[in-house]
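Notes for the one structure printed next.
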Amino acid sequence: MLGIMLFGRGRVSEWVHTTATWLVALGTTASAFWILALNSWMHTPAGYEMINGQAHITSWFDVIFNPSFPYRMTHMLLASGLTVSFLLAGISAYRWLKKDTAKEVMASLRAGVFVAAVLIPIQIFVGDLHGLNTLEHQPAKLAAMEGIWKTQNGVPAVLFALPDEKSQTNKFEVAIPNLASLYLTHHWDGEVKGLDAFGDKHPPVAPVFWAFRIMVGVGLLMLAVSWWSSFELKRHQNISTLTAKVLVVMTFAGWVALISGWYVTEIGRQPWLVYGLLTTAQAASTVPATNIAFTLATYLALYIALLSAYISVVFYLANKATNKLENKSPAEPNSINFTEYKNA
Ligand code: HEM
């Protein structure tokens with residue numbers, strides 16, 4: 001199916017190609033479902049009983065639909081949609097900047113921008129619910145995300161800080177008083193547990209704190225950019241040069257938010273592998289550290305190579321499509337007028 005989707009266009013009929021594309025989407029979503037069910041169980045285990053130190057299933061339903069799964073699944077699917085929307089909008093804006101305003105380019109630009117504009121407010125709303133679920137089930141992770149060291153009432157929302165593990169404080173903190181209590185407990189003066197409530201059983205604070213801010217920061221940027229671009233497209237049937245450049249810069253913004261999100265989730269789970277049941281230290285293998293470092297370095301090198309290849313192929317294809325169009329006569333039907341608005 002993947003082969004038909006990637007290489008079949010023009011070689012098989014349109015409906016076969018579209019069906020193959022839908023089947024690939026369905027297959028990857030089914031795969032995400034099971035991966036996230038397992039991952040979520042490790043964060044919020046349910047539907048089991050411990051017998052002689054082993055987890056035995058009492059309800060498969062509760063195992064799969066454990067407390068964090070619905071939030072993680074929805075948040076991840078929306079994240080995938082946003083990632084692709086910005087990829088589509090960014091590549092189309094890149095072609096647009098190269099004066100390629102073929103109707104396919106404008107259609108994919110519009111699709112990317114409009115879909116992102118619809119998905120991002122839903123993502124922010126779901127992200128908020130996800131955070132409340134984390135507060136209930138993994139409060140130490142939430143305290144690290146928010147940079148809250150001490151259990152207190154009327155907790156401020158920390159916008160910027162350098163969390164310092166040694167002194168258990170935030171350096172250079174910029175915060176809005178009481179705001180975190182308000183969005184976490186829905187009370188101006190509500191109590192939120194700080195890291196001090198968990199002894200040494202809390203994650204490293206700085207990476208979780210920063211990854212969370214990067215994810216939310218990119219999310220807010222996505223909101224501003226997609227809504228502004230939608231406004232321009234609705235009003236002028238076109239975008240300005242500045243907007244096109246911003247969209248190009250944000251081509252891979254989805255991946256940045258996505259990786260930051262996973263950093264929050266997985267570093268935030270430490271020191272637990274299965275939350276409250278099994279620590280990472282207990283599950284660590286006896287394989288020598290040098291072997292693990294070598295495997296990790298090989299993975300990193302491979303992924304950097306694949307990522308570089310991916311980015312260059314994406315832009316190579318965009319350039320190729322644009323050059324092909326430039327060689328066509330201007331009277332050909334799939335080019336539209338390049339309006340003066342572009343230079344605004
Ligand atoms: C702007 C508002 C956002 C909020 C409030 C938010 C909230 C959260 C929270 C609380 C978590 C950690 C949950 C946990 O592990 O317990 C998380 C994880 C994650 N976020 Fe976000 N998020 C936002 C935006 C985004 C955006 C824009 C993306 C990607 C396009 C994204 C992708 C992810 C991913 C992939 C994870 C890890 C998987 C998961 O645990 O769901 N987030 N987010």
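No value in this document is a laboratory result; all are computed from the given coordinates. Since the structure is predicted, the reported quantities are computational estimates derived from the model, not experimental observations. Cβ coordinates were reconstructed from backbone atoms using ideal geometry, including for glycine residues, and neighbour counts include every protein chain displayed.
Structure values in brief
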read-out	value
Ranked list, fewest to most other Cβ atoms within 10 Å of each Cβ, for Thr134, Thr58	Thr58, Thr134
Cα gyration tensor, the stretch 64-153 - rounded (a/c under 1.5), prolate or oblate	prolate
Distance from the stretch 7-43 to the stretch 269-300 (C-alpha centre basis), Å	30 Å
Gyration tensor over alpha-carbon atoms, the chain, equivalent ellipsoid semi-axes in Å	42, 26, 19
Fewest-first ranking of Trp210, Trp96, using other Cβ atoms within 10 Å as the exposure measure	Trp210, Trp96
Spatial separation of Cα centroids for the stretch 157-208 and the stretch 68-121, in angstrom	34 Å
Three-way shape call for the stretch 119-250 based on the alpha-carbon gyration tensor, with the a/c threshold at 1.5	prolate
Sequence-separation-based contact order of the chain, relative, with Cα cut under 8 Å and 6+ spacing, percent	19 percent
Helix-derived mean residue ellipticity, 222 nm - over the chain, DSSP H n ≥ 4, -39500 (n - 2.57), to 500	-21500 deg cm²/dmol
Debye intensity ratio I(q)/I(0), log10, the stretch 133-199, q values 0.12, 0.17, 0.24, 0.25 Å⁻¹ (C-alpha model)	-0.26, -0.53, -1.05, -1.13
